[in-house]
Each structure stands twice: as structure tokens, then as C-alpha cells.
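Reviewing the structure listed below.
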Amino acid sequence: MIYSQNDLLKLILETQALSIWDHEKGPVFWYAANVPGPFYVNTEKLIGPEIAERMLREITGIVAGTVDAQARAEQLENAILEAFKVSPLWQKLIETLLDAARKEFAEKGCSLISGGERRDWLFSVPFAQKAELPHLYLFKNKETYCVQPVKPDQLVLHVSDLINNAASFFDLWQPTLEAAKLRCLGNVCVNVRGANGLKRLEAAGQKVVSLMTIDTAFFQKLHAADLITRDVFEEIAVFLASSQDWAAKYLFVKPDLFDVEGCDKKDFERLAAFISNDPWGMRSAHEAFFASMEKAVSARRAKEV
């Protein structure tokens, strides 16, 4: 059994793998680039929010506590597959991912499935098991481990949770594969977020297969299925067309949405960086907003001294 596209649309909201803010109440979401946005994607929650949180905690502990790459990989595989075999939701998602991959890569074949530390492994490890192929663990320290010896020029299919800017692939995983003299056949992922990473991969000759692409058409499908309101769709369409227009229309008019005093430390530092660096070049058109936010940021810092 595999998920249909309509099933996936419902699942991504039901599991909160996609969260959408309320622009009347806030708070806004913050991305790693220290910019705000109206939605956030946590792909790992598609396997179930509780099991995803528990498994990431366990994976983090194994990576931090086990020095030897082989022992680390063996512990990871055991932990992930033991949890996987008792989770029908997770199993169905991997079957769906494998079905999509087989349609695109069946004739080319591959010898190994690779996945990068940490979230990729929630998908790449059970994917490799279902595909009956060895799994190649890619660690951030550039170490690798596979239960079978790898040979030069073997074809690898890389499986990940999310492709955004493809920074992890180009900065970490591709160089690691090249150092092992392996060739990457393509990328299989659950979600693609935007077009930047997709364009980079395609320009490098990497074919990408994903279950969902988080873009305007995706949110239009959610609206057509009555899973989000028209107002929500229209706001996100504005954001995806122009983050500056979205900020001016939905965010800067209501500074309380930033919750400067109450947000956690991580969000506060991202907010402070956004106000200080003005990455979208909006200060000159919104001087009063930036001045008030700088004052609020300074007031919180003064209280924390």
C-alpha cells in the first residue's frame, strides 16, 4: 500500500510536518538564514511526530556517544529498523518513496543507498532495507560506513528528507561520495522546498525524485482540497512570489507578531540578526518599524545582562 497525492496532502498537515502560522496571532516562523516566514516544514514528522522526536533524540545520542564508525552505524541501524517495523505510518511512507524511485531509476540500477547525518537516516535506512540494498552512512565528520565493502565507480542513490538549497549535498555528501570514488545516480527525497536546491542539482546533472514539492502549486492543491482557507493560500502565494511584499503586508504592520519579549533565545537571536542585517533591504522603506524593533531588542538584551 502506498499513499496517493491526496493522502500526502492530508498527512503533511495532520502530522504537522507542515505548520502554517496565524498572521493575526503569530508568532512568525524563523528560518536558518535568519529570515521570517509564514510556514515551516519538519519532514521527519511525516513518520509520526512522537516517534520522529524520539528517534532523533536516540540518533543524536548514538552519534555523540559512539566513536567507532562501524559500531555507530550498527547501533543506528538497529534503533531505526526496530522502531520502523512497528510503525505502519512510517512503513507506508517508505513504500511510497520506494515506488516513486523505482519508476524513475529502475532501469539504471544502483549498488548502494546513501543517507546523511541525521534526519536523512529516518528515510534512507528503511528505504535501503526495503530496496534490499546496502546502506552507506555519511557522517558530518566525513566518515562513512557500509556493511559491505564499497568499490570504485559503484552507483549510489542518495535518499534524504528535504531538499532546500541542497547545501548539505554539495558541501558534505557529494564530496564524501567522491572521496570514496562513488558515483551518485540521483537524489530521492520526501519534500523539495522551493526551487533553489532543485536547480542546483539539475544543473549538476543530478536527477531528483520527490513525493512533494512545497511551492505555490502545492498550496493551491491544499486549498482546492479544502485543507487550507483561501486567505491562507493567498498570503503564502504572496510570500513565495516576494518575501518583501509579504513582510510589508502581513508582518511589519504588527510588530507584536515578533513577540520580542517572549520568544525563545534561538528565535530572538534570529530576529536580532534580521533587524540588524536587513537581508531583504527594507529598512529605508520601513524606518519606523526597524527603529522600534531595535529598541525592543536592546531592551531585552539589557534585561538579560
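Per-structure values
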read-out: Filtered residues of the range 1-35 (kept if part of a strand (DSSP E or B) and either closer than 16 Å to Val232 by Cα or modelled with pLDDT under 95 (or both)); value: Leu18, Ser19, Ile20, Phe29
read-out: Yes/no for Val232 being free of Cβ contacts under 8 Å to residues at least 24 places away in the same chain and farther than 19 Å from Ser298 by Cα; value: no
read-out: Candidate set from the range 137-169 (those that are polar (S, T, N, Q) and either touching a strand residue (DSSP E or B) at 6+ places or on another chain (Cβ under 9 Å) or closer than 20 Å to Val190 by Cα (or both)); member that is surrounded by the most Cβ atoms within 10 Å (Cβ to Cβ); value: Ser160
read-out: For Ala32: the one exception among (1) in contact (Cβ under 8 Å) with a residue 12 or more places away in the chain; (2) within 16 Å of the chain's Cα centre (by Cα); value: (1)
read-out: The lone exception for Tyr40 - which of (1) surrounded by fewer than 19 Cβ atoms within 10 Å (Cβ to Cβ); (2) touching a helix residue (DSSP H, G or I) at 6+ places or on another chain (Cβ under 7 Å) it fails; value: (2)
read-out: Check on Leu76, touching a helix residue (DSSP H, G or I) at 6+ places or on another chain (Cβ under 7 Å), outside the structural domain of Ser242 (by TED's automatic domain parsing) and closer than 30 Å to Leu240 by Cα; value: no
read-out: Odd one out for Glu77 among (1) under 14 Å from Pro126 (Cβ atoms); (2) of a type outside the set (A, V, I, L, M, F, W, C); (3) crowded, with 19+ Cβ neighbours inside 10 Å; (4) under 20 Å from the mean Cα position of the chain (by Cα); value: (4)
read-out: Those residues of the range 9-42 which are hydrophobic (A, V, I, L, M, F, W, C) and either over 17 Å from Ile94 (Cα atoms) or not assigned by TED's automatic domain parsing to the domain that holds Arg270 (or both), in sequence order; value: Leu13, Leu18, Ile20, Trp21, Val28, Phe29, Trp30, Ala32, Ala33, Val35, Phe39, Val41
read-out: Flag for Ala225 being loosely packed, with under 15 Cβ neighbours inside 10 Å, under 22 Å from Leu11 (Cβ atoms) and among the aliphatic types (A, V, I, L, M); value: yes
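The values are calculated or read from the model by the stated rules, or taken from the named source; none is laboratory data. Source: prediction; values computed, not measured. Note that we place each Cβ from the backbone using ideal geometry, even for glycine, and neighbour counts take in every protein chain shown.
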